[in-house]
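The structure appears below as structure tokens.
The values are calculated or read from the model by the stated rules, or taken from the named source; none is laboratory data. What you are looking at is a predicted structure, and each value in this text was computed from that prediction instead of being measured. Here Cβ is always computed from backbone atoms with ideal geometry, including for glycine, and neighbour counts include all displayed protein chains. Each accessible area value is taken on the protein alone, full model and side chains, heavy atoms only, with ligands, DNA and RNA left out. Shrake-Rupley method; radii C 1.70, N 1.55, O 1.52, S 1.80 Å.
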Amino acid sequence: MPDPDPFWWRDAEPSRPRKVEGGIQIHSTRGQVARTWWSQRFLSVLESLGVGGRLSRGRSYARAGQIVSLTIDVGGVVAQVQGSRPQPYQVRLGVPAFGKAEWAAVAQALADEAAYAAALLNGEMPRDIERVFEAVGLSLFPANERDLAMDCSCPDYAVPCKHLAAVCYVLAERFDADPFQILAMRGRHRDALLEELRTRRSAAPPPAHGEDLSEVMDRFWVGGDVPEQFAGPRTPPDALLDQVPPFPIEVRGEQVAQLLRPAYRALGAEI
């Protein structure tokens with residue numbers, strides 16, 4: 001066996017990366033990166049899979065704008081990250097995409113729940129959306145190590161390396177701005193999903209119970225009898241005058257309250 005190259009360190013990557021002009025960077029300069037529950041969930045999934053402790057290695061790369069390019073599409077993300085070598089590293093983060101039948105089941109489940117459909121049509125990710133996927137035997141976020149592929153062309157053996165970790169941070173911030181990109185990775189883009197939801201909602205049959213509003217307009221605002229617990233002794237219409245302190249002046253020798261009493265009684269008789 002030949003001796004190891006005594007000058008192996010010449011190929012080792014220096015610690016300082018090459019600066020990128022106009023690179024993709026996260027807006028968070030310190031502290032937590034993810035702002036919404038769904039991007040936080042994405043990062044927490046990575047932690048649960050045992051790679052979260054190494055994500056911090058790429059935070060400085062993400063903040064410095066070392067990502068040259070990043071594309072989110074069906075099946076995951078591909079990116080170029082600039083290290084200290086002349087050529088950027090090729091980075092890939094992959095997840096399995098769902099098939100047509102699987103997405104049809106998800107879309108029907110989302111359309112059946114008005115709250116889910118309304119949130120998605122409003123550009124938000126319903127907080128319980130993971131339950132919808134679980135109910136049809138799927139997982140929106142990676143469920144285990146086999147559900148998440150992470151590759152980088154750099155010589156670092158650790159997974160994720162700092163280049164992959166930087167992409168994860170940028171990805172989380174992208175999810176903050178557009179949660180539909182999570183769904184796009186699984187195989188359904190925003191416009192296609194929303195159009196399918198609208199179609200399924202409009203094709204849904206009306207509820208089996210209840211009446212059409214146009215059929216009940218003549219009695220829509222008609223109230224029933226006053227419940228017995230709300231009925232009580234009738235208060236004289238001029239009782240309020242008995243609670244008013246005496247006026248310091250009189251009108252032609254009469255208290256003002258006494259002059260007003262006939263008017264209150266007349267109003268009470270008309271109601």
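Table: residues versus (1) open to solvent by less than 50 Å² (accessible area, probe 1.4 Å); (2) touching a residue at least 60 places away in the same chain (Cβ under 8 Å); (3) hydrophobic (A, V, I, L, M, F, W, C); (4) touching a Leu at 6+ places or on another chain (Cβ under 6 Å).
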{"site": "L93", "(1), (2), (3), (4)": "yes, yes, yes, no"}
{"site": "D128", "(1), (2), (3), (4)": "no, no, no, no"}
{"site": "P142", "(1), (2), (3), (4)": "yes, yes, no, yes"}
{"site": "P160", "(1), (2), (3), (4)": "yes, yes, no, no"}
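Here Y169 meets each of (1) touching a strand residue (DSSP E or B) at 6+ places or on another chain (Cβ under 6 Å); (2) closer than 22 Å to R35 by Cα; (3) hydroxyl-bearing (S, T, Y) with one exception, condition (1). Scanning the range 145-177 for residues that are farther than 18 Å from P17 by Cα and under 18 Å from the mean Cα position of the chain (by Cα) gives L171, A172, E173, R174, F175, D176, A177. When the range 57-91 is filtered for residues that are surrounded by fewer than 16 Cβ atoms within 10 Å (Cβ to Cβ), assigned to a strand (DSSP E or B) and free of Cβ contacts under 8 Å to residues at least 60 places away in the same chain, the ones remaining, listed by number, are S69, T71. Within the range 259-271, the set of residues being under 13 Å from P237 (Cα atoms) and part of a helix (DSSP H, G or I) comprises L260, R261, P262, A263, Y264, R265, A266, L267, G268, A269, E270.
Quick grid of which residues meet (1) modelled with pLDDT of 90 or more; (2) out of contact with any strand residue (DSSP E or B) (no Cβ under 7 Å at 6 or more places or on another chain):
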position: A117; (1), (2): no, yes
position: L121; (1), (2): no, yes
position: M125; (1), (2): no, yes
position: D128; (1), (2): no, yes
position: V132; (1), (2): yes, yes
position: S139; (1), (2): yes, yes
position: P142; (1), (2): no, yes
position: A149; (1), (2): yes, no
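Applying the condition of being open to solvent by less than 10 Å² (accessible area, probe 1.4 Å) and outside any helix (DSSP H, G or I) to the range 162-186 and asking which residue is modelled with the highest pLDDT yields R186. State whether one or more residues within the range 106-114 are open to solvent by 20 Å² or more (accessible area, probe 1.4 Å), closer than 24 Å to T199 by Cβ and among the charged types (D, E, K, R). Yes - at least one qualifying residue is present in the range 106-114.
For the range 144-154, residues that are in a loop (DSSP other than H, G, I, E, B), open to solvent by 30 Å² or more (accessible area, probe 1.4 Å) and either closer than 21 Å to A64 by Cα or touching a Cys at 6+ places or on another chain (Cβ under 9 Å) (or both) total 1. Evaluate the range 23-38: report whether one residue or more is modelled with pLDDT under 85, surrounded by fewer than 18 Cβ atoms within 10 Å (Cβ to Cβ) and over 21 Å from the mean Cα position of the chain (by Cα). Yes; the residues of the range 23-38 include at least one that is modelled with pLDDT under 85, surrounded by fewer than 18 Cβ atoms within 10 Å (Cβ to Cβ) and over 21 Å from the mean Cα position of the chain (by Cα).
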